[in-house]
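Okay, so here's the structure we're looking at.
The values are calculated or read from the model by the stated rules, or taken from the named source; none is laboratory data. This is a predicted model, so every value here is computed, not measured. Methodologically, a virtual Cβ is constructed for each residue, glycine included, from the backbone with ideal geometry; neighbour enumeration extends over all protein chains shown. Just so you know, the surface numbers come from the protein's heavy atoms only, side chains and all, with ligands and any DNA or RNA stripped out. Shrake-Rupley method; radii C 1.70, N 1.55, O 1.52, S 1.80 Å.
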Amino acid sequence: MNDERTEQLHSLTIERTEDTQASGGPGWAALLIAIVLAGGGGAGAAWYLTSNSEPAPAVVAQSPEPTSEAAQSTAAAEPVSSTRSAPSSGLVASGYVVARRQATVSAEITGRIRDVLIEEGAVVEAGEVLAYLDDDRARIDLDLFEAQQAAAAERAQSLAAQVTEARTQLTRTEQLISSGYATDSRRTAEQAQVDSLQAQLSAARADLAAARVRVRSQRDFVDRHVVRAPFGGVVIAKNAQVGEILSPVSAGGGFTRTGIATLVDMESLELEVDVNEGQIQRVRAGQRVEAILDAYPDWRIPARVEAIIPTADRARATIRVRVALGERDDRVLPDMAARVTFLEQN
């Protein structure tokens with residue numbers, strides 16, 4: 001059994017002949033050596049040619065040379081904004097839009113609000129009525145004072161007539177005395193009557209003047225129940241409603257309102273920015289400024305330094321600078337955040 005397997009395995013082996021050994025040995029080795037030598041020779045020739053050749057144009061292009069005409073023409077063709085081309089000092093500060101004229105409008109007296117005529121966003125003129133307070137009691141007092149004024153005027157007029165009559169009688173008495181028909185005692189009595197009536201007339205006229213002052217004062221008090229705009233602007237906040245109590249002074253802890261509305265003069269809007277006190281020497285009045293609102297980052301607003309506030313913030317080590325806007329636009333609103341760049345003077 002083992003002999004049969006041995007014979008089968010032996011029959012599977014490949015016997016190499018002398019021709020096979022001759023064709024696969026030295027011939028393939030020689031061919032391989034020739035290929036290696038050819039590759040080495042080509043590499044040596046390439047090295048030799050490279051080392052003795054002139055520098056390539058690419059190497060020359062890397063040397064520092066002026067910008068090519070194409071690049072210069074491309075750069076010249078690109079539009080450059082006049083604002084962006086302005087040299088910047090590198091000093092940038094941030095701040096907010098503020099109004100130089102802003103007021104919380106209130107009445108000069110305490111009273112209950114009867115009517116409010118404005119809403120947020122309303123544009124008002126100087127002196128325009130914003131609200132009315134309940135003035136019923138004030139008008140009752142005004143009627144009383146006007147009646148007293150009328151009574152004082154009637155009394156003064158009556159006394160003036162009596163004085164005129166007393167003087168006429170005194171003149172007649174003096175004529176009778178000169179004719180011997182009257183005595184000096186009568187003239188003395190009539191003179192005293194004239195003096196008394198004249199004094200009463202003076203007092204009545206003084207009372208009339210006082211009554212007129214009371215009426216004028218009460219009319220002014222009635223007029224103070226009307227809340228008017230101190231200047232033209234835009235209402236940015238409505239602070240009170242009908243039926244609430246309005247007072248120019250704060251009633252601590254109560255429900256009293258201290259203002260009808262907040263009014264802003266949009267023509268007085270400007271920027272207030274904080275500059276580090278170590279950089280304030282780079283800022284001067286009248287200096288050109290470029291302002292950018294955070295709400296409109298692509299809108300560059302020309303501006304200038306209006307004033308440098310002559311005081312420093314000890315806690316933050318900054319100095320406040322006022323910047324006047326060169327453009328007026330409805331997009332600029334109070335308390336907007338802004339960033340400004342101080343430009344160098346050309």
Complete set of residues in segment 286-305 that are under 10 Å from L343 (Cβ atoms), in contact (Cβ under 8 Å) with a residue 24 or more places away in the chain and not hydrophobic (A, V, I, L, M, F, W, C): Q287, R288, E290, P302
Condition broken by Y296, with the remaining ones in (1) open to solvent by 70 Å² or more (accessible area, probe 1.4 Å); (2) among the aromatic types (F, W, Y); (3) more than 26 Å from G233 (Cα to Cα) satisfied: (3)
The lone exception for A338 - which of (1) within 30 Å of V129 (Cα to Cα); (2) within 13 Å of the chain's Cα centre (by Cα); (3) surrounded by 14 or more Cβ atoms within 10 Å (Cβ to Cβ) it fails: (1)
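So which of R284, R214 is under 29 Å from I308 (Cα atoms) and open to solvent by 80 Å² or more (accessible area, probe 1.4 Å)? Full working, then the answer.
On the way: R214 fails: under 29 Å from I308 (Cα atoms).
Step by step, each of R284, R214 is checked, and only R284 is under 29 Å from I308 (Cα atoms) and open to solvent by 80 Å² or more (accessible area, probe 1.4 Å).
Residue by residue, here is whether (1) out of contact with any Phe, Trp or Tyr (no Cβ under 7 Å at 6 or more places or on another chain); (2) closer than 19 Å to V323 by Cβ; (3) among the β-branched types (V, I, T) holds:
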| residue | (1), (2), (3) |
| --- | --- |
| A237 | yes, no, no |
| V264 | yes, yes, yes |
| E272 | no, yes, no |
| Q279 | yes, yes, no |
| V289 | no, yes, yes |
Of the criteria (1) assigned to a helix (DSSP H, G or I); (2) closer than 23 Å to Q241 by Cα, which one L142 fails: (2)
F255 vs. criteria closer than 25 Å to D134 by Cα and free of Cβ contacts under 8 Å to residues at least 24 places away in the same chain: yes
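So, R84, is that one charged (D, E, K, R) and modelled with pLDDT under 95 or not?
On the way: charged (D, E, K, R): yes; modelled with pLDDT under 95: yes.
So R84 passes the test.
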Some residue of segment 115-137 being over 30 Å from R304 (Cα atoms), over 32 Å from the mean Cα position of the chain (by Cα), open to solvent by 60 Å² or more (accessible area, probe 1.4 Å) and modelled with pLDDT of 90 or more: yes
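Mind telling me which of the residues E244, E277, E267 ends up being under 20 Å from V124 (Cβ atoms), at pLDDT 90 or above, of a type in the set (D, E) and surrounded by fewer than 16 Cβ atoms within 10 Å (Cβ to Cβ)?
Numbers: E244 fails: under 20 Å from V124 (Cβ atoms); E277 fails: under 20 Å from V124 (Cβ atoms).
Of E244, E277, E267, the one residue that is under 20 Å from V124 (Cβ atoms), at pLDDT 90 or above, of a type in the set (D, E) and surrounded by fewer than 16 Cβ atoms within 10 Å (Cβ to Cβ) is E267.
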Qualifying residue in segment 229-241 (condition: open to solvent by 80 Å² or more (accessible area, probe 1.4 Å) and of a type in the set (A, V, I, L, M, F, W, C)): no
